[in-house]
Amino acid sequence: MTKAILDQAQQRGMSLPYAGAVTPQEAFQLLESDTAVQLIDVRTNAERDWVGQVQINPAQLHAVQWNLYPTKHNADFLSELAAQVADKETVLLFLCRSGVRSRSAAQLATEHGYTQCYDILEGFEGDKDQHGHRKAIAGWCHAGLPWRGA
């Protein structure tokens, strides 16, 4: 199953500057089927504390902030990633709120030698609905995947 999902993710991401893109459901299937797969949550600590977090095997979950709250880019992103995932051949699934920062993180990690970087499409909360609310139309939470609130 892992190979089929990664093949599909690579096809989906043929024009991307990283290995590919997975849906939240595919990401969860990969994490459940292969304990070597790692999820890199690039949201701020504040987002994880106030909005919620994925619930997966803690050994597969890494918090590496792309930005520091409220708006400053984390200049130590790559060194923090390397401290948590040293093997650059590891399958890395990057997650943010809606799928924007995770793409940038996957690209930067790829540019620095990580070979298996995948963006999780839609992110943790997905885009806003017509009322300006998240978690209603897409994302990890909307897909009914395991998470816990703040």
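The values are calculated or read from the model by the stated rules, or taken from the named source; none is laboratory data. The shown structure was predicted, so the numbers you read here are calculated from the model rather than taken from an experiment. Every residue, glycine among them, receives a Cβ derived from its backbone with ideal geometry; neighbour counts consider all protein chains shown.
Among the residues of the range 72-129, which ones are out of contact with any strand residue (DSSP E or B) (no Cβ under 8 Å at 6 or more places or on another chain), at pLDDT 95 or above and polar (S, T, N, Q)?
Hits for the range 72-129 are SER79, SER104, THR115.
Please enumerate the residues belonging to the range 6-18 that are surrounded by fewer than 21 Cβ atoms within 10 Å (Cβ to Cβ) and not acidic (Asp, Glu).
LEU6, GLN8, GLN10, GLN11, ARG12, GLY13, MET14, SER15, LEU16, PRO17
Run TYR69 past the list (1) in contact (Cβ under 8 Å) with a residue 40 or more places away in the chain; (2) over 30 Å from MET1 (Cα atoms); (3) in contact with a helix residue (DSSP H, G or I) (Cβ under 6 Å, 6 or more places away or on another chain) and report the number of the one that doesn't hold.
(1)
Being charged (D, E, K, R) and at negative phi is the filter here, so list the residues in the range 91-134 that pass it.
ARG97, ARG101, ARG103, GLU111, ASP119, GLU125, ASP127, LYS128, ASP129, ARG134
Considering only residues that are in contact (Cβ under 8 Å) with a residue 60 or more places away in the chain and not hydrophobic (A, V, I, L, M, F, W, C), which ones fall in the range 8-40?
GLY13, PRO17, TYR18, GLY20, THR23, PRO24, GLN25 - these are the residues of the range 8-40 that are in contact (Cβ under 8 Å) with a residue 60 or more places away in the chain and not hydrophobic (A, V, I, L, M, F, W, C).
From GLN55, GLN84, GLN130, which residue is farther than 23 Å from LYS3 by Cβ, touching a residue at least 60 places away in the same chain (Cβ under 8 Å) and polar (S, T, N, Q)?
Result: GLN55 is the single residue among GLN55, GLN84, GLN130 that is farther than 23 Å from LYS3 by Cβ, touching a residue at least 60 places away in the same chain (Cβ under 8 Å) and polar (S, T, N, Q).
Could you figure out which of (1) assigned to a loop (DSSP other than H, G, I, E, B); (2) closer than 22 Å to GLU80 by Cβ isn't true of ALA46?
It fails just one condition, (1).
Taking only pairs six or more apart or across chains, which ones have beta-carbon atoms under 6 Å, a first residue in the range 87-108 that is touching a residue at least 24 places away in the same chain (Cβ under 8 Å), and a second residue that is assigned to a helix (DSSP H, G or I) and crowded, with 19+ Cβ neighbours inside 10 Å?
As it stands, the answer is LEU93/ALA27; PHE94/SER102; PHE94/ALA105; PHE94/ALA106; LEU95/SER102; CYS96/SER102, since those pairs meet every condition given.
Can you pull out the residues in the range 108-131 that are in a loop (DSSP other than H, G, I, E, B), among the small types (Gly, Ala, Ser) and within 21 Å of THR44 (Cβ to Cβ)?
GLY123, GLY126, listed by residue number.
All but one of (1) of a type outside the set (A, V, I, L, M); (2) under 16 Å from the mean Cα position of the chain (by Cα); (3) not in a loop (DSSP other than H, G, I, E, B) hold for GLN65; which doesn't?
Going through the list (1) of a type outside the set (A, V, I, L, M); (2) under 16 Å from the mean Cα position of the chain (by Cα); (3) not in a loop (DSSP other than H, G, I, E, B), GLN65 breaks only (3).
I'm trying to understand the selection: among the residues of the range 10-43, which are assigned to a helix (DSSP H, G or I) and either in contact with a Cys (Cβ under 9 Å, 6 or more places away or on another chain) or under 14 Å from LEU95 (Cβ atoms) (or both)?
Result: PRO24, GLN25, GLU26, ALA27, PHE28, LEU30, LEU31.
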